[in-house]
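Each reported figure results from applying straightforward, stated rules to the coordinates on display, with no laboratory input. In this text, all values refer to a predicted model and were calculated from it rather than measured experimentally. Here Cβ is always computed from backbone atoms with ideal geometry, including for glycine, and neighbour counts include all displayed protein chains.
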Amino acid sequence: MAPSRASVPHPSRPLVAVLATGGTIAGAEMPRPGRGYQTAIFSIESLIAAAPGIERLARLHVEHVASIGSQDMGEAVWRTLSRRTQAALDRPDVAGVVITHGTDTMEETAYFLNLVVKSSKPVVLVGAMRPATAMSADGPMNLFNAVATAADPEAGGRGVLVVANDEIHFAREVAKTNTTQVGTFKSTHRGLAGLVSSGRIHYYGAPVRRNTLGSAFLIPGKAAMPRVDIIYAYAGMGRGLIDAAVRGGARGLVVAGVGNGNLGSAALAAAAKASRAGLAVVRSTRTGGGIVERNIEVDDDRLGFIAADELNPQKARILLMLGLMQTRDPAALQEMFYAY
Ligand code: GLU
């Protein structure tokens with residue numbers, strides 16, 4: 001049965017490329033005790049079949065890129081996925097791209113693509129919190145809404161988007177905030193890109209920072225990207241984790257600092273030493289929201305640190321990895337955190 005308020009069939013159905021990477025949207029509950037479910041079991045074709053009426057929105061061209069839970073996502077798949085996304089966008093007959101993806105690291109992939117893919121056509125990431133076999137699985141409607149968004153020329157020029165739970169999020173703004181709820185994705189800083197209900201879309205705004213065509217970053221080549229570690233701060237923290245990251249070969253550190261990107265004295269001394277040794281040190285926050293500004297409780301100017309602005313640690317890591325491929329200058333890196 002088609003969704004009750006499905007869109008009117010598109011007059012000349014646009015072509016949407018669907019790139020599949022796995023995740024719960026393609027997952028099944030497991031009969032064995034002690035195991036909730038397994039990701040990436042179902043084919044994208046069966047997911048499409050579970051969203052009746054989707055063929056009225058667009059013609060779909062399906063490509064398989066990976067079949068993983070997104071906890072296994074990383075730079076190797078990002079490289080392939082970016083190239084395949086770009087190739088699809090470069091085809092004149094393709095109106096937009098949908099990427100199916102696990103929700104755990106969806107925000108990182110979305111932000112990575114937002115920085116390296118060059119197009120004004122819509123790129124939409126979509127996933128699900130409940131496996132395809134669950135009661136009230138959220139995947140089919142999410143996929144339906146994602147295809148509707150990717151097929152809509154008005155969704156273009158907004159950078160990479162994430163569609164879930166009837167909401168459209170900007171890649172830079174979105175974060176997974178809950179382990180299990182279908183409303184896990186939130187855009188806490190600057191709000192939603194829009195709403196989408198049974199394929200009907202309402203747009204709210206434009207992205208505030210440089211992205212896609214306006215971004216100076218390119219899809220990385222074969223060489224490994226600079227290693228950037230995330231260090232989670234806590235009360236009573238020592239210097240051990242930071243020293244270990246430096247010894248391990250990190251070129252950059254992102255600190256998920258307490259409060260406004262703070263570190264206790266011992267950890268701060270280790271971070272200062274890392275900065276003197278030439279590592280880029282970015283201060284983000286473990287709070288889940290708010291701006292980390294320069295020189296509030298930490299003398300960033302003196303220590304050569306970079307403030308993450310609004311980026312959460314995992315997105316700050318993406319930007320720093322790409323930024324370090326261009327420069328190691330803390331002032332230039334700081335400008336990137338204000339621009340992207
Ligand atoms: N860990 C899995 C993943 O990110 C399950 C989460 C999900 O897809 O919702 O792929």
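Points worth noting:
- FRET efficiency, Arg91 to Ala331 (Cβ-Cβ, R0 41 Å, nearest 0.05): 0.55
- You can think of it this way: the chain between Arg190 and Arg276 has 27.5 nm of extra reach, that is 0.36 nm per residue less the Cα-Cα gap.
- Scaling against 2.2 N^0.38 Å puts the C-alpha radius of gyration of segment 255-340 at 0.96.
- Using the Cβ of Ala250 as centre and a radius below 11 Å, the other residues enclosed give a net charge of +2, where K and R count +1 and D and E count -1.
- D_trans [Stokes-Einstein, Kirkwood Rh over alpha-carbon pairs] for segment 124-205, 20 °C, 1.002 mPa s, µm² s⁻¹: 170 µm²/s
- Cβ-based charge dipole, segment 86-168, positive-most Cα from Ala164, Ala128, Ala95: Ala95
- Between Asp301 and Ser12, the C-beta separation translates, for a Förster distance of 51 Å, into a calculated FRET efficiency of about 0.35.
- The Cα-based radius of gyration and maximum Cα-Cα distance (Dmax) for the chain are 20.4, 64 Å.
- Each Cα pair of segment 113-168 feeds into the Kirkwood radius, which the Stokes-Einstein equation turns, at 25 °C and 0.890 mPa s, into a diffusion coefficient of 208 µm²/s.
- Highest-first packing order for the peptide set 198-206, 146-154 is 146-154, 198-206, based on the mean count of other beta carbon atoms within 10 Å.
- Estimated from helical segments only, the mean residue ellipticity of the chain at 222 nm is -8000 deg cm²/dmol, where each DSSP H run of four or more residues counts as -39500 (n - 2.57).
- FRET efficiency for Ala339 and Glu293, using Cβ-Cβ distance with R0 set to 25 Å, rounded to 0.05: 0.95
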